[in-house]
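Each remark here refers to the structure printed beneath this line.
The values are calculated or read from the model by the stated rules, or taken from the named source; none is laboratory data. All values reported here derive from a predicted model rather than from experimental measurement. Quick reminder, even Gly has a Cβ in these numbers, built from the backbone with ideal geometry, and neighbours come from all protein chains shown. Only protein heavy atoms, including side chains, enter the accessible area calculation; ligands, DNA and RNA are left aside. Shrake-Rupley method; radii C 1.70, N 1.55, O 1.52, S 1.80 Å.
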Amino acid sequence: FAKFNWEDPLNLESQLTDEEIAIRDTARQYCQENLLPRVLKGWRTEEFDHDILPEMGKLGLLGPTIQGYGCAGTSNVAYGLIAREIERVDSGYRSTASVQSSLVMHPINEFGTEAQKEKYLPRLAKGEIVGAFGLTEPNHGSDPAGMETTAEEVDGGFILNGSKTWISNAPVADVFIVWANCKWDNKVRGFILDKSLKGLSAPAIKNKVALRVSLTGSIFMDSVRVSHDALLPQTKGLGSPFSCLNSARYGISWGVMGALEDCVERTRAYALERHQFKRPLASFQLVQKKLVDAQTEIALGLQASLQVGRLKDAGKVAPEMISMVKRNNCGKALQQARIVLDILGGNACADEYYVGRHVANLQVTNTYEGSSGCLKSECTTDLPPYTGTNVRSFLIIVIIQCSHSIQDIHALILGKAMTGIQAFY
Ligand code: TGC
Ligand code: FAD
């Protein structure tokens, strides 16, 4: 028999190329040595660290799958491995990076003119400028088809009106990919807007109870006038923003497994060190079961993401496959992180034990990019009373939400694929 390695139970390592391992190791070293020491301060102050994207850019971690324009041209599996390493530290840092790569660089590369690519991609790849992606609106989140933002063609260009909300990176973005309903043919198209445009503002949404190291904001467009070269000419219809979501959702499926790996590593170490009843916590069967359940979900979730990544690289991926791994891995990560959090006892409350922060973040990863409820009713155990608006209380909301949630956009996408009946409306 081969020797069992609990840290890599199904030998993922043997399925990666040498290049993917090298990229993963570079990302891991950077994240552990440079991001981890900053995460607590970022979480407590909710301040954006402007050095991080340029640092990632220097290592080729931004828009890595794009060929040319200063990008690394890696496999989709390598992209997933990068997301996993960043989110091992914090989902917010992964959000910042995946919006830049999948939701800003990807649409410019996929739908832009050569001039737009030359103008924006090299600077985005270096992290010199920050990007944001505006699809969600105050009245249209799960249902972007109803968007109210409009673009009207006028002499010399377009005028955009409308608002977007809950937009990652918006308050610090230099460039916005904004989706609008075009008045002349009622089709959704993408526009590249620079932050200096008159009538455009992007205030922050402050005091979040999760994803605090990633800035989030609104985008307000009050008769924003742009020339024709702001239009992403190959965009036509909702399929265009959804194709960007495919890339981001795929990355999130890897990322959340990294966050759960960190939860397991930390709670395992704690359980070995902490003694009760004259024995280490790790010697109790119930504690071992929690760790084993979580590690099993990580091993299975990573295999699923790897398979989807390989199919993506081979041009054989279907969006429903991405919905499946996004839904499964986000749901399992939240559920299992919540369970291993219990191992910390009272210390679960303290942000310097890190796991509570991951649990709060993982609630959001289940919400954005197609919302999804937690997968099992077991999450309802040991409900403490709601006590206020601190992070512990937020975790309680998460737990309650886990038990009652029937909402699940990705379940409906897969349900439609299985039955042929769409159940959204
Ligand atoms: P539906 O009629 O199903 O589709 C409209 C058109 O789009 C095409 N399409 C896709 N194309 C490519 N990839 C996909 N995944 C696609 N899904 C659909 C479809 O074929 C159709 O094309 P055509 O040519 O026939 O017109 O659309 P619907 O209005 O019924 O909506 C369906 C639903 C609910 C699945 C969809 O609207 C949805 O996914 N809603 C969730 C919204 C969402 O995920 N928003 C995310 C916002 S961005 C974000 O959260 C970033 S957070 C990032 C971070 O910080 O990390
Ligand atoms: P709603 O659509 O109002 O849904 C509320 C609940 O109802 C959910 O549980 C949902 O599952 C359920 N529901 C809705 N429709 C159905 C149905 N047909 N059947 C069953 N249940 C249903 N958006 C961007 O465009 N760009 C970004 O960069 C971005 N970043 C974000 C960052 C953060 C921190 C957060 C919190 C959100 C971000 N979002 C972003 C927005 C995110 O994509 C939306 O919050 C998400 O799509 C859900 O939309 P909503 O909040 O309007 O919820």
Note to self: Quick check on the stretch 82-147: take the gyration tensor over C-alpha atoms, sort the square-rooted eigenvalues as a ≥ b ≥ c, and tell me if it's rounded (a/c under 1.5), prolate or oblate.
What the structure shows: oblate
Item checked: the chain - mean residue ellipticity at 222 nm from DSSP helices (-39,500 (n - 2.57) per run, n ≥ 4, rounded to 500) -> -15000 deg cm²/dmol
Note to self: Around Leu193, under 14 Å between beta carbons, what's the net of Lys plus Arg minus Asp minus Glu among the other residues?
What the structure shows: +2
Check: Rounded, prolate or oblate: which fits the chain, taking a ≥ b ≥ c as square roots of the Cα gyration tensor eigenvalues, rounded meaning a/c under 1.5, else prolate when a/b beats b/c?
Finding: prolate
Note to self: Rounded, prolate or oblate for the stretch 18-57? Axes are the square roots of the Cα gyration tensor eigenvalues, ordered a ≥ b ≥ c, and the cut-off for rounded is a/c under 1.5.
What the structure shows: prolate
Notebook entry, point to check: Based on Cβ point charges of +1 for Lys and Arg and -1 for Asp and Glu, what charge dipole magnitude is obtained for the chain about its Cα centre, in debye rounded to the nearest 20?
Noted result: 780 debye
Next item on the list: Report the extension gain between Asp49 and Lys289 in nm, rounded to one decimal, defined as 0.36 nm multiplied by the number of residues separating them, less their alpha carbon distance.
Entry: 82.6 nm
Check: Using θ = phi - 60° and the Karplus curve 6.51 cos²θ - 1.76 cosθ + 1.60, what whole-Hz ³J(HN,Hα) does each residue of the stretch 411-416 get, with Gly and Pro shown as x?
Finding: 5, 6, 4, 6, x, 5
Checklist line | Estimated vicinal HN-Hα couplings, Hz - the stretch 141-146 in sequence order (Karplus 6.51, -1.76, 1.60; Gly, Pro = x) | finding: x, 5, 10, x, 4, x
Next item on the list: Between Asn34 and Ala269, with labels modelled 7 Å along Cα→Cβ, what's the label distance in nm to one decimal, could you check?
Entry: 2.2 nm
Margin query: Using 0.36 nm times the number of residues separating Trp184 and Glu19, minus their current alpha carbon distance, what extension gain do you get?
Written below: 54.6 nm
Note to self: Just to verify a number: what accessible area does Val104 come out at with the full protein assembly present, 1.4 Å probe, Å² rounded to tens?
What the structure shows: 0 Å²
Note to self: Please report the carbon-and-sulfur percent of the accessible area for the chain; probe 1.4 Å, protein heavy atoms only, DNA, RNA and ligands left out.
What the structure shows: 53 percent
Notebook entry, point to check: What spacing in nm lies between the two simple spin-label points modelled at Thr419 and Ser243, each 7 Å away from Cα in the Cβ direction?
Noted result: 3.1 nm
Next item on the list: Calculate, for the chain, the solvent-accessible area per residue in square angstrom, rolling a 1.4 angstrom probe over the heavy atoms of the protein chains.
Entry: 44 Å²
Next item on the list: Could you order Thr150, Thr235 so the one with the most accessible surface comes first? Probe is 1.4 Å.
Entry: Thr150, Thr235
